[in-house]
Amino acid sequence: MAEPTVAPATATTASTAAEPTTLWVERTGTRAYTGRSSRGAEVLIGSQGVPGVFTPGELLKIALAACSGLSADFPLSRKLGDNFDATIHVSGDADRENEVYPQLDEVFELDLSELDEQARERLLVTVQRAIDKVCTVGRTLKAGSKVTLSFDIDS
């Protein structure tokens with residue numbers, strides 16, 4: 001079976017650009033796929049109700065929460081230290097008639113009890129700005145994105 005044609009996602013580090021990461025999914029069973037990256041990562045994907053897998057919609061939500069967390073990590077660690085705890089919950093019901101998520105809600109849980117009220121407010125503004133500026137997933141969802149599909153057929 002031919003490897004699917006996938007537009008590579010570019011991964012970068014703070015100092016240098018890395019090789020582009022290639023992403024694809026492979027069918028592993030009835031309504032079951034494994035998502036893979038050229039960096040060796042894997043994620044199990046399937047229908048709702050199948051144990052041990054994420055649905056594509058769940059992965060979308062997790063990608064949003066993870067992007068927010070990663071975008072906020074530097075300003076938070078600068079103020080709270082490298083060992084701060086954070087959990088980002090994400091939710092949003094699907095509109096099954098139109099097959100979209102009309103709204104996704106994130107709740108960022110942080111312990112800021114060591115900071116006074118002004119320091120907390122300044123930090124939260126900084127974190128919000130960082131997420132708004134560099135969270136590619138959130139920015140893409142808010143802006144919308146053109147999606148194309150092509151086929152590579154064995155004949």
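The values are calculated or read from the model by the stated rules, or taken from the named source; none is laboratory data. The structure displayed is predicted, hence computed values, not measured ones. Positions of Cβ are generated from backbone atoms using ideal geometry, with glycine treated the same way; all protein chains shown enter the neighbour counts. Heavy atoms of the whole protein, side chains included, go into the accessibility calculation; ligands, DNA and RNA do not. Shrake-Rupley method; radii C 1.70, N 1.55, O 1.52, S 1.80 Å.
Points to keep in mind about this one:
- Once the Cβ-Cβ distance of L59 and I153 is raised to the sixth power relative to R0 = 25 Å, the FRET efficiency obtained is 0.40.
- Dividing the alpha-carbon radius of gyration of the chain by the rule-of-thumb value 2.2 N^0.38 Å gives 1.24.
- Accessible-area composition of region 20-154, carbon plus sulfur, in percent [1.4 Å probe]: 51
- Shape category assigned to region 18-98 from the gyration tensor of Cα positions, a/c cut at 1.5: oblate
- Net charge dipole size for the chain [Lys, Arg +1 and Asp, Glu -1 on Cβ; Debye, nearest 20]: 420
- Pairwise centroid distance, computed over Cα atoms, of region 130-155 with region 81-116, Å: 20
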